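Working notes, structure below.
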Amino acid sequence: MTAGSPTNDAERLIEVGRALFEKLTTDPVLNVIELPDGLGVCLVHAVRGGGKIYVAPDESALWVGSEVDYAAGLGVFRDGARTCVETFAASRKHA
């Protein structure tokens, strides 16, 4: 996050992102980046095969795999690309 504590809105978006990551994997270790221009937050699961979830203020989200760098993901997120919520549940990795 940027300096200081996250705002209540950012905390809400972080929780949305965490809940989505929990549909994809168990016990994700996440880094959080507050996006510029009030676009929301990005949660990064920085492990091999991890990925990023960008969460907008309206709680819509975009998931991108680890092969997509932060800037490229932010660009398509800024352009309005989103992942259907149902996709997160259908993508759950089973042990």
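How many residues are modelled with pLDDT under 95 and assigned to a strand (DSSP E or B) if we restrict to the stretch 35-62?
Selection size over the stretch 35-62: 2.
Since VAL64 meets every condition but one in (1) under 12 Å from the mean Cα position of the chain (by Cα); (2) open to solvent by 30 Å² or more (accessible area, probe 1.4 Å); (3) touching a residue at least 12 places away in the same chain (Cβ under 8 Å), which condition does it not meet?
In the conditions (1) under 12 Å from the mean Cα position of the chain (by Cα); (2) open to solvent by 30 Å² or more (accessible area, probe 1.4 Å); (3) touching a residue at least 12 places away in the same chain (Cβ under 8 Å), VAL64 misses (2) alone.
Of all residues in the stretch 67-89, which are part of a loop (DSSP other than H, G, I, E, B) and β-branched (Val, Ile, Thr)?
VAL68, THR83
Can LEU20 be described as under 17 Å from CYS84 (Cβ atoms), more than 11 Å from the chain's Cα centre (by Cα) and open to solvent by less than 70 Å² (accessible area, probe 1.4 Å)?
Spelling it out, it is not the case that LEU20 is under 17 Å from CYS84 (Cβ atoms), more than 11 Å from the chain's Cα centre (by Cα) and open to solvent by less than 70 Å² (accessible area, probe 1.4 Å).
Read through the list (1) surrounded by 14 or more Cβ atoms within 10 Å (Cβ to Cβ); (2) more than 17 Å from ARG18 (Cα to Cα); (3) among the hydrophobic types (A, V, I, L, M, F, W, C), then give the number of the only condition that ALA71 fails.
(1)
Tell me which residues, restricted to the stretch 71-90, are out of contact with any Phe, Trp or Tyr (no Cβ under 8 Å at 6 or more places or on another chain) and at pLDDT below 95.
Result: CYS84, VAL85, GLU86, ALA89, ALA90.
The values are calculated or read from the model by the stated rules, or taken from the named source; none is laboratory data. What you see is a predicted model; the values in this text were computed from it and never measured. As a convention, Cβ positions derive from the backbone with ideal geometry for all residues, glycine included, and neighbour counts pool all protein chains shown. We work out accessible area using only protein heavy atoms, side chains counted, and drop any ligands, DNA or RNA first. Shrake-Rupley method; radii C 1.70, N 1.55, O 1.52, S 1.80 Å.
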